Amino acid sequence: MNPEYFFILATLLFSIGIVGVVSRRNLFVIYMSVELMLSSINLVLATFSRLHGDMHGSVIVLIMIAAIAAEAALFLAMIVQLYRSKRSLDSNDCSQLIQTKEAL
Amino acid sequence: MGRRRVVLELSIFFILALFLSGGSLGMILFKQTLYSAFSFLLAMLALAGMFALLDNSFLFLAQIMVSVGAVIVLSLMVIVSLNAKDDNLPDEEHKFKWVIVSSILVIPFSLLMYKALQSTHLKFEETVEGYGSLRMMGHTLFTDWVLPFEIVSILLLAAMVGAIAIARKEKSQ
């Protein structure tokens, strides 16, 4: 096994995540793209942990998974709140911070 | 014996990589949110398989239990309970044009990231005894990483309180 395969895959996933955040307007797709980018970094960390043969990288991945769970809870709560006030999942409808503040 | 193992590992890797990249591509290309979430679930399951391929059995379990079992199932439940109709979704008529343009713009960054990762020139070697086991993971977590672990517990508590405060219905309504 060559570690470069893992690096190519992680780079591909991170790029797909960036493309999803930049080009889509659905709030859920943006949220899942952010998660995809975080997960690709998890893959890089796990690969380096295996390459060096010690567990520190894996522990960072475990902590990252907990941080991803926290991020997901907050993001979903915000999506629910924005959907209640705007009746739309379009990110263009909440492009101004003052509207977001009114929604909260 | 060694050659057969390498071929087996490579084929497992490519099958998982197919699911991972196909799932994430489907996630950003589907119009319906529920289909996006299902392809993302597929991608996260394949990522758990990648952790198993990297001899990290505990991360495999944690990925399935937390990322797939909790986070994505929670997203699916929110998507289903919002029940957004077609006219509540954004109408992205130029979606594929935007995707292609932003992919071209992202290519230089991807090359930079790949070069930076690949410049380490490390190779996979035989691991030490017990690598990836729960015992070694717990030992590392509770000796060198105690403070981050405690901080993460506070972060989770704060996120829980924040999520409840944001999503709560106002009493006046």
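Throughout, read-outs are computed from the coordinates displayed, never taken from laboratory work. Note that the structure is a prediction, hence the values are computed from the model and not measured. When we count neighbours, we look across all protein chains shown, and the Cβ atoms used for this are built from the backbone with ideal geometry, even at glycine.
A compact table of results
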{"item": "Condition check for residue B:70: touching a residue at least 40 places away in the same chain (Cβ under 8 Å) and closer than 30 Å to residue A:23 by Cα", "result": "no"}
{"item": "Test: residue in segment B:103-117 that is within 9 Å of chain A (Cβ to nearest Cβ), farther than 25 Å from residue B:62 by Cα and among the charged types (D, E, K, R)", "result": "no"}
{"item": "Number of the exception - residue A:21 against (1) in contact (Cβ under 8 Å) with a residue 40 or more places away in the chain; (2) more than 7 Å from chain B (Cβ to nearest Cβ)", "result": "(1)"}
{"item": "Whichever residue in segment B:122-148 is within 7 Å of chain A (Cβ to nearest Cβ) and in a helix (DSSP H, G or I) and, among such residues, is surrounded by the most Cβ atoms within 10 Å (Cβ to Cβ)", "result": "B:137"}
{"item": "Residue, farthest from residue A:13 (Cα to Cα), within segment B:54-66, restricted to residues that are in contact with a helix residue (DSSP H, G or I) (Cβ under 6 Å, 6 or more places away or on another chain) and of a type in the set (A, V, I, L, M, F, W, C)", "result": "B:58"}
{"item": "Criterion violated by residue B:93 - all others in (1) outside any helix (DSSP H, G or I); (2) within 9 Å of another protein chain (Cβ to nearest Cβ) satisfied", "result": "(2)"}
{"item": "When residues of segment A:1-18 are limited to those that are among the small types (Gly, Ala, Ser) and in contact (Cβ under 8 Å) with a residue 12 or more places away in the chain, the one nearest to residue A:40 (Cα to Cα)", "result": "A:10"}
{"item": "Residues located in segment B:55-70, provided they are aliphatic (A, V, I, L, M) and surrounded by 24 or more Cβ atoms within 10 Å (Cβ to Cβ)", "result": "B:59"}
{"item": "Whichever residue in segment A:53-63 is more than 7 Å from chain B (Cβ to nearest Cβ) and either over 14 Å from residue B:130 (Cα atoms) or of a type in the set (Lys, Arg) (or both) and, among such residues, is surrounded by the fewest Cβ atoms within 10 Å (Cβ to Cβ)", "result": "A:60"}
{"item": "Condition check for residue B:42: in a helix (DSSP H, G or I), in contact (Cβ under 8 Å) with a residue 40 or more places away in the chain, more than 7 Å from every other protein chain (Cβ to nearest Cβ) and touching a helix residue (DSSP H, G or I) at 6+ places or on another chain (Cβ under 7 Å)", "result": "no"}
{"item": "Meets criteria (of a type in the set (Phe, Trp, Tyr), more than 30 Å from residue A:80 (Cβ to Cβ), more than 7 Å from chain B (Cβ to nearest Cβ) and not in a loop (DSSP other than H, G, I, E, B)) for residue A:7", "result": "no"}
{"item": "Checking residue B:28 against (1) in contact (Cβ under 8 Å) with a residue 40 or more places away in the chain; (2) over 23 Å from residue A:79 (Cα atoms); (3) part of a helix (DSSP H, G or I), the condition it does not meet", "result": "(2)"}
{"item": "Residue in segment B:10-22 that is crowded, with 18+ Cβ neighbours inside 10 Å and within 22 Å of residue A:94 (Cα to Cα) present", "result": "no"}
{"item": "Unmet criterion (only one of (1) surrounded by 12 or more Cβ atoms within 10 Å (Cβ to Cβ); (2) more than 15 Å from the chain's Cα centre (by Cα); (3) part of a helix (DSSP H, G or I); (4) free of Cβ contacts under 8 Å to residues at least 60 places away in the same chain) for residue B:36", "result": "(2)"}
